[in-house]
Amino acid sequence: MKKILLLLLILCGVPALNSCRDLPLHGEFSGHWQIMTIDYPDGTTVEPHGTRYYCFYRSVAQLTAPGFVRVTGNLACNGERFTIQILNSKDSPEFMYPWGITVPQGVTELPADFVVGYTINHLSEEKLVMTTDMGVVISCRKF
């Protein structure tokens, strides 16, 4: 009898655990994206070989890499455009380059309100192609 009661309690508790999880606000866009290629406006193409990721969850964006490198920002979506306001702006512009984030000439330090704008060129369950306001095209796959 105790086993049956325990089993019932467990079965009733599982849906309650799932209901606490934050669901994505942005459909297919939400999730973990692995950068496959970055095409810079000067013609340079970089393949990070699975070492850089964009993660979009609700109103947060994270740029991650192996070794727990993480840059966090506020995510704002508006249809096919979105922006990321970088929160830990102590990083240098060169630190952001491997994620396809470039800054205007002469900028040596990211301002506290640094915002990167993107346009979504293609979005499916498996692929995301986006272009930054600086003309960098970033192709990702769902990870």
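Side notes on the structure shown:
- Of the GluC sites (Glu not before Pro) in the stretch 61-143, the ones in a loop by DSSP (not H, G, I, E or B) with at most 15 other beta carbons within 10 Å are Glu80, Glu109, Glu125, Glu126.
- Residue order for Phe95, Phe56 - accessible surface, 1.4 angstrom probe, largest first: Phe95, Phe56
- Our analysis of the stretch 24-85 gives Rg over Rh at 1.00, with the two radii drawn from alpha carbon positions and Rh computed by the Kirkwood formula.
- Principal axis box of the stretch 70-119, alpha-carbon based, largest edge first, Å: 32, 19, 18
- For the stretch 38-130, radius of gyration divided by Kirkwood radius, i.e. Rg to Rh on alpha-carbons: 0.93
- Taking only protein heavy atoms and a 1.4 Å probe, the accessible area of the stretch 22-143 is 53% carbon and sulfur.
- Karplus-based coupling profile of the stretch 62-73, in residue order and whole Hz: 10, 9, 10, 8, x, x, 6, 6, 9, 10, 10, x, with θ = phi - 60° in 6.51 cos²θ - 1.76 cosθ + 1.60 and x standing for Gly or Pro.
- Heavy atoms of Lys127: accessible area, 1.4 Å probe, square angstrom to 10: 100 Å²
The values are calculated or read from the model by the stated rules, or taken from the named source; none is laboratory data. The structure displayed is predicted, hence computed values, not measured ones. Every residue, glycine as well, gets a Cβ built from its backbone with ideal geometry; the counts of neighbours run over all protein chains shown. Side chains are part of the model used for accessible areas, which takes the heavy atoms of the whole protein and leaves out ligands, DNA and RNA. Shrake-Rupley method; radii C 1.70, N 1.55, O 1.52, S 1.80 Å.
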